[in-house]
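Structure first, commentary second.
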There are 2 protein chains.
Amino acid sequence: MPRRRKGRKRVDIVKMENESNLQVTFSKRRAGLFKKASELCTLCGAEIAIVVFSPGKANKVYSFGHPSVELLVDRFLGRDLPPPNNESRHNHLLMNHQNAVLRELNKEVMNMEEILQMEKACGESILEVRRRANGGWWEAPINALNL
Amino acid sequence: MPRRRKGRKRVDIVKMENESNLQVTFSKRRAGLFKKASELCTLCGAEIAIVVFSPGKANKVYSFGHPSVELLVDRFLGRDLPPPNNESRHNHLLMNHQNAVLRELNKEVMNMEEILQMEKACGESILEVRRRANGGWWEAPINALNL
DNA sequence: ACCGCTATCGTTAGCAC
DNA sequence: TGTGCTAACGATAGCGG
């Protein structure tokens, strides 16, 4: 074995040319991005929606959303429909509680996703889960979105 | 003063209580998130849209989009957005939407739990082997699964 | 191709100004 | 409240299996 030659090297932020390295980097950094977003949601109570289209012909779409991509995007495009000051305080508290629950569930789903990846060694049934996936955040092939 | 540089400490990913620290962290991490997104765009040629709503009453909106938030979101939704609503109606729809998201996430969690049971019944798994000494990983709190 | 490892790089919490 | 610094922490490029 060659002597230890490990560890990352600095990488310029320019388009990667090697296709397979690009795919690996895309997967790793996409996961990192979603994790950062999740942490920002939890730490600061921010609401975040992310949509990512993969490069190349695959052109798959991945998304992260708390509370949901659709809800936040509607608000973004509508430009002035924040939740506050209407209906009753009861509703508002209810919403806060639901948001907390959502964050917990999102974290739980993320944990389970990680566990499931480890479980892959056991079988292929995970694919079934992915096929049915939808909700607050998830990944899906683009063609599955145009139902 | 004895130059005892303390540096950062580890921080739990839970809601920050100190309001001013929260604001600083929100700004820093939001900038970091957008930078990560930018790098992912450049390195891999991905297309990314991000919408962030700040916490608290300010509730300002920040966005990142390459090529643009609107374009990517339209492609993601694959549909026209609903017309503007009056506020109470909007709140009501909002609640309904959140309930829907909650149900989806709950279904997803249950789905994964079911899959995990099947995986477990199917045979050995990496995680199971690793955790066997502790009496079985599936009985442990999710947070105990330090990956 | 995928997964784990780990040295190394990049991000950021806590301070000082 | 914002800017800059630095050490510690966390993300990840490159590699081996």
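The values are calculated or read from the model by the stated rules, or taken from the named source; none is laboratory data. Since the model is a prediction, treat every value here as computed from it, not as a measurement. Cβ: placed from backbone, ideal geometry, glycine included. Neighbour counts: every protein chain shown.
Just a few scattered comments:
- Test: residue in region A:45-64 that is farther than 16 Å from residue B:70 by Cβ and assigned to a helix (DSSP H, G or I): no
- Subset of region B:6-44 [more than 9 Å from chain A (Cβ to nearest Cβ), near DNA strand C (Cβ under 7 Å from one of its atoms) and part of a loop (DSSP other than H, G, I, E, B)]: B:6, B:7, B:8, B:9
- Residue within region A:74-93 that is within 16 Å of DNA strand C (Cβ to nearest atom) and either modelled with pLDDT of 75 or more or among the β-branched types (Val, Ile, Thr) (or both) present: no
- Evaluated against (1) hydrophobic (A, V, I, L, M, F, W, C); (2) away from DNA strand D (no atom under 15 Å from the Cβ); (3) loosely packed, with under 12 Cβ neighbours inside 10 Å, residue A:14 falls short on exactly one condition, (2).
- Checklist (1) at pLDDT 90 or above; (2) more than 14 Å from DNA strand D (Cβ to nearest atom) applied to residue A:22, failing item: (2)
- Any pair with Cβ under 8 angstrom, 6 or more apart, that starts in region A:14-26 at a residue that is within 21 Å of residue A:63 (Cβ to Cβ) and ends at one that is assigned to a loop (DSSP other than H, G, I, E, B) and near DNA strand D (Cβ under 10 Å from one of its atoms): A:22/A:16; A:25/A:16
- Annotation: of all residues in region B:25-81 being among the charged types (D, E, K, R) and surrounded by 14 or more Cβ atoms within 10 Å (Cβ to Cβ), the one that is farthest from residue A:54 (Cα to Cα) is B:29.
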